[in-house]
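Only one structure is covered here, and it is reproduced in the block below.
Bear in mind these aren't lab numbers, they're just calculated from the coordinates by the rules spelled out. All values derive from a computational prediction rather than experimental measurement. Don't worry about glycine lacking a Cβ; one is built from the backbone with ideal geometry, like all the others, and counts go over all protein chains shown.
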Amino acid sequence: MKKLRKTKTNISLFLSLSVFFLSSFFILSSASSETVRYNFDSATSKIIFKGKSTLHSFEGEATEISGFAQGDTENIDRNPKGNFQVKVKSMKCEKEKMTANMLEDMEADKYPTIDFELQDVSILKQPDESNKYYLVSISGKLTIHGVTKEITFPADVEITEKDFNLHANVPLSLKDFNIKPSSFLFFLRVKDRIDLEIHIHGLRENV
């Protein structure tokens, strides 16, 4: 009888210790990772778009950008969330006539924003002593001119205590988004490919 009581006591002690260590493990695990949100700062973010026409190259810039990036700062590929939005009318070319043609081709009044919704992030390379940026692969849904396409592109991402920086180059086809550039002076036509140079700066919430 004494032996049975001792056995029960040992089992109870073992279960109690097991629960304690498991609880401690989960508490420490949750404390070691932190989900934070960075809101994009339009004043320090920009998207440069570059293209070619029949006679020359051109470029312009979009400056009204909003959105956020949210995730685990220690595991940026674990359940990330984010999006960004660009006001089409904030896109300006070098010449006013080119800007007017572009906004008309993009039907800016009907489709006032360009939107990107993040779906996945994969880490290609971790930061090291020579480079403070992550190299990542970003996947998501891009909507331009009322057309949504799934895209994937590489990007450099830096995360600090106070801010978030992303730099990427994304080639796009205007045909994919049903945009047909108008001719200027009957012979000057914008070619189909446009390259986006993305520079996004985000500020951490509550910092």
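Pairs Lys125/Lys191; Lys125/Lys149; Lys87/Lys125; Lys89/Lys132; Lys50/Lys141; Lys87/Lys110: which are spaced more than 23 Å apart, C-alpha to C-alpha? Could you put the intermediate results ahead of the total?
Numbers: Lys125/Lys191 34 Å; Lys125/Lys149 26 Å; Lys87/Lys125 32 Å; Lys89/Lys132 34 Å; Lys50/Lys141 21 Å; Lys87/Lys110 12 Å.
The answer is Lys125/Lys191; Lys125/Lys149; Lys87/Lys125; Lys89/Lys132.
Can you tell me which aspartates and glutamates have their Cα less than 15 Å from the Cα of Lys95? Leave out same-chain residues fewer than eight positions away.
Of all the aspartates and glutamates, those that pass the test against Lys95 - Cα under 15 Å, at least 8 places apart if same chain - are Glu59, Glu61, Glu104.
Are there trypsin sites (Lys or Arg not before Pro) in region 119-207 that DSSP marks as loop and that have at most 10 other Cβ atoms within 10 Å, and which are they? Walk me through the numbers on the way to the answer.
On the way: sites: Lys125, Lys132, Lys141, Lys149, Lys162, Lys175, Arg189, Lys191, Arg193, Arg204; in loops: Lys132, Lys162, Arg189.
In loop regions of region 119-207 (DSSP not H, G, I, E or B), the sparsely surrounded trypsin sites (Lys or Arg not before Pro) are Lys162.
Whole-Hz ³J(HN,Hα) for each residue in region 144-156, computed from phi via Karplus 6.51 cos²θ - 1.76 cosθ + 1.60 with θ = phi - 60°, x for glycine and proline: what do you get?
These are the phi-based 3J(HN,Hα) values: 9, 6, x, 10, 10, 10, 7, 10, 9, 8, x, 8, 9 Hz.
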